[in-house]
Every structure is written in structure tokens, then in C-alpha cells.
Ligand code: 0RA
């Protein structure tokens, strides 16, 4: 299948480079941090393609002191021979021509990763410099590219400084690329070691055997990722700290012509369902046809098993798919050609053939697995879990109906604490969920009643991570939130009936406040994730200090900003520290935290679903040791680190 002798003429040339700088969004989405990391992943993806096709096994990523990054692999090395019609080396073609690369020639690579598949030339176009070394045929070759602005003010990007030249001998094989993202495109954004670690780890899980070494020369931090167990190891990693119901993940790998499927399944004693699916190494956060195909097969095979092994009596109805997925963590890894992405964030697989293929391959493999007597213990555990889930399902259905019955008397009582907004235009309306009755009272007085609603929370709401849906729905605070938002929850959520387009969590700037915020975010994450994904959830940042003197006052929102504020105030200043929202009078609360013209909001986003899942389950779950370890190793929910780093301030 993979043709081994590949040279420069095989590279398909489609289009010039110029477009990239003019419309970077088309190629890398944004010129923010995400886009800057994207141009790193374009290079890494190329190296992974080479390795997945059997050439080499190791990628080394180094963050250099000058802000550049180096990616080295030990594959065959990019072709160095002359392209027959372009009269340039293969390397130069790859780095200067959009859509150039062996990967567009399906004969050379079976599948290839990369979000847009635009390749290394995009990285080159958006870099100040890009130096490529190829080790091949016992020789070392070098070519450098740079971007510069000429005397007429025109910018030229990714221009070779000299043609490729042989610079020495070597016994190595592979490709090494060092590039400096152009600050004209990305400002002064820096590579984030933790972001890179998370993605590198994911890539190592998704590509069994692949070795990725990371090094940050600024801090001397190093990491190494290598998983012989691939996605089975991934599933284990994702449930770390939770109680597993059986020890080894269920795993299968199946292929059809030009289609590759791998699935790992594990269960914990939790009640949530987690499916992490990937296509060509790209997380399909919104799911799609491959997930649907898998779920259909899983439900069918397990219902068949339940029937033929007497877990369902003759007159009992089949289990629902969700019954079999209570407490499940699935990693679904598909490699295929001609992928079509759809959905709001283009992370939903659309290819109809993927449903059929995944469904058929999964049904076949799962039937074999469950027919094997060695697995009857695992099957029994899954059947037990499904039985429990089906029983609670009926109870939960009743509770759910209640939360959707807008006009019922019971519901009217629930929203009694809510000071609703008068405007009927949901797009302009905001719901503040406020910690404590006293702050709630100030907020009610300080609000603009036309578009701002206040819901005070008394005490701590219930931690949704530790409870089953029927218990979550029995909690009054939570039911009040659901009723006020008016969308329903879980799979039935309907954002078109959302009553408040901004949902703003307002809690004190202390540990308790952080805990309440974490509990609320956990609830939204588990039961109303679409609300977060669609950008409706915000954190309100109350000020930590007021620096003031006669005729001068300034509110300060983080410790980091305090010294500058004190300097601005000058000698003879006073400092007030706010311990809680309740210490502010209605006017102050309005001015600092509620007035859209002056307040600071942080929009909650989920950039990395697996990392978010791990954070929520570890921080909010049962395993105290795991939680302590996580908090030591990572940031916590406190605004100074977690929110500032991972959430966008708006
Ligand atoms: C096509 C053919 C050959 C190598 C590559 C692509 C290649 C590309 C990249 C990008 C990063 N690292 C890479 N390593 C290899 C090999 C052609 C031959 O057999 O000589």
C-alpha cells in the first residue's frame, strides 16, 4: 500500500503561499495562542504521518530560549532531490507551496493527520524564520527560510535564503525544523509548555508506540510520552483516581479497506458517560457518525447478550443505550480518508460511511469479545450497571419532566427566589447566580432590572460529580437554576429556549467562593455542556481591592495588578481589601461587577475536553489523594492561575 520510493515529482502542487498572511484565519483559525500552537502542530503532524507509516519512532519538541520551537523526527527525511518541473528541492517545495506534501498523494501515506492538512508551508509563512535540516543518504542538508518586509513595505513570507545545500555527512536519518512564530502575526504570545504537554500526551496515546520527548529550554522542564498500550492506556489515564469496575479496558482494533478503527472501553462506579472520539488524531468534540455507529453497535450487541444470557426476561423491554453507558469511558480512534467535519466548531464527523463501517466492525468485534467465556465476568458487571441505570431512569424521567413543566405550581415556587428580568429578549438578558443572600440582596438592588436577573444561592449547591441524576435533580438550588434557564438538561437540552444568554457566576474571592464556582461549573459541565460550548457561561470577577484617597479611587481585580495601582495612586493612599461580595453596597457591586461597561467577565470555554474531564473528575470526585496530587501538580480553580490561564477574559 505504501509506495516506498517517493521523490520530489510526487509532490502535488496546488497553490501559492501569499494567501496565508493575508487571511491567517482561513488556515489556522486564529492568530491567538491557539493559532500559534497550531503552526507547531502542523510540523508535528507531518512527523507523525511519517512515523505512523512505519518510518522512525521518535519526535523531539524543544522550546528554545529565543521563542522558537524545534521539532525533530527520525523518519526518512523530506525528499531532497530536485522537483522535475519546479526546479527546486523537494524540501523547498514542501515549505513554500500551500497544499504541497506527500500526504496529498494517498499512495504515499495511507492516512494523514492535521487539522487543515495545509502543512508545513503555513508554518513557514507565519514564521520570522524557519530552518530545516534533513538527514538522509548519509548526508546532512540545510535550507533556511525567512519573512521580511521590503523597502516598499511589502512583506514576503517564507522565502528561501539560499537553495538547499549539502552541509556535511551524518549517520542519522530524519528531519529537524526550527521556526520562530512571527510576532507581527502573533504579538508576544509564548508557547505554553502545559498545553503542548497535553496534546503531545494525547498524540502518544493515539499512536501506539510513538515516542515524544518535550523540553523547555527556558525552564529546563522535560517530559517523555510513550504508551505501548495506546488508547487502552489512555482510557486508564482518563479514569485515574476513580474506582474502576474491572481492571483491564475492553479493547479492539479492526480494519477495512482504508479504514482503521480502535476502541477502548472502561467502566467506573460513577454515573456519567464519557466518549472521547478522534479522527486522524483530531478530537471530534461534537461527536458524529463514528460515535453514532459505535453506540448503535454497542447497544445492540449488549441487548443480544442480555437476552441470550437471561439478564433480560422475556417480557422485559430492552435496555436503552444510555443504560449500558452509565459510568463508561470510551476512547474511539478512527483513521480514514476524505474526512468531512461539520458542526458549530467543525469538530463533528459528517461522513455517512463512517457510521456503517464503525457499526459493522464494532458489532463484529464486540460480539466476539462477549462470546468469549473469559469475558463473562466483565459482561456481568456491565449488565449489573445497566440494570441499576434502567431503574433510576424512570425516577429521573419524572424529575426531568418537573423541571420542564414551566407553568406548574411547583415550578412557580422554585423560581420564587429569582428576581427575573423584565425584557423578553433573551439575547440581551443575563442571569447572575450569586453566592449568599446578602450579596444577592445587594445585587438585586444594584441590577438593571430590564435585562439582569438575580438568583441568590443559599449555602453550597450539590456536587453533581458525586451524585446520580435523580439526586442532582432533587436538589432545590439546581432545580431553580434549570427552571430559570428553561432549556432542560442532558441530551434533551434545547438552547433555542434559553431565557438568559449570559449566565454569570458571582462568588466571593476566597476558597469557599472558589468551591461554589467549581460546583456550579461541574454541574454545567456534566449536565448542560452545550451551554458552555455555545459561550453562555461566564465568571464574574469582583474586585479584590480598592486603592483610594481623596478624589481618587481605583478597583483592583488581581494581586498581580495591585503594585501598579498603588503606584498610580501615589503617596498617602488607602487600601481596602474585599473579603466577600457582601461587603460591597449595591452601588459598588453595580459599578465593579455588574455594569456591562465596567465589569470584568471571564468566558468559560472548554479548549481541551480530555483535560477538562480529568480536572473536573479529579477535583470534584472522591479520591482525596488524587485530588491533592492534582492540585499540587496543576493549577486549581482559583482565578489567579486556572482561570487566567485557561479562560478568556472578556
Ligand atoms: C514524503 C516522502 C518521504 C519523506 C517524507 C514525505 C517526510 C516528510 C516529513 C515531514 C516531517 N518529517 C518528515 N519526514 C519525512 C521519503 C521519500 C524517500 O523515500 O526518500
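Just so it is clear, none of the values below were taken in a lab; they were calculated from the coordinates. Small disclaimer: the values here were computed from a predicted structure and weren't measured. Here the Cβ is made from the backbone with ideal geometry for all residues, glycine too, and neighbour counts use every protein chain on show.
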Can you grab the distance from the C-alpha centre of the range 503-540 to the C-alpha centre of the range 583-628, Å, no decimals?
5 Å
Report, in whole Å, the centroid distance computed from the Cα atoms of the range 151-179 and the range 26-77.
16 Å
Mean-position separation - Cα centroids, the range 444-492 and the range 218-275, in angstrom:
33 Å
Give me the extension gain from residue 356 to residue 548: residue separation times 0.36 nm, minus the current Cα-Cα distance, reported in nm with one decimal.
62.4 nm
Quick note on 68, 308, ordering by fewest other C-beta atoms within 10 Å, gives 308, 68
What is the chain by shape, rounded, prolate or oblate, if you read a ≥ b ≥ c off the alpha carbon gyration tensor as root eigenvalues and call it rounded for a/c under 1.5, prolate for a/b larger than b/c, and oblate otherwise?
oblate
Quick one: length gained pulling residue 184 to residue 57 fully straight, 0.36 nm per residue minus the C-alpha distance?
42.2 nm
Per-residue ellipticity at 222 nm for the chain, helices alone: DSSP H runs ≥ 4 residues times -39500 (n - 2.57), over residue total, nearest 500 deg cm²/dmol?
-10500 deg cm²/dmol
Give the relative contact order (percent, whole number) for the chain; include only Cα pairs under 8 Å separated by 6+ residues.
9 percent
The simple spin-label model distance between residue 81 and residue 314, using points 7 Å out along Cα→Cβ, in nm, is 7.3 nm
A correct fewest-to-most ranking of 536, 290 by other Cβ atoms within 10 Å would be 536, 290
With a point put 7 Å past each Cα toward its Cβ, work out how far residue 567 is from residue 65 in nm, to one decimal.
2.6 nm
Please rank 526, 499, 221, 424, fewest neighbouring Cβ atoms within 10 Å first, as an exposure proxy.
424, 221, 499, 526
By the gyration tensor of its Cα atoms, with a ≥ b ≥ c the square roots of the eigenvalues, what is the shape of the range 277-335: rounded for a/c under 1.5, prolate for a/b over b/c, or oblate?
prolate
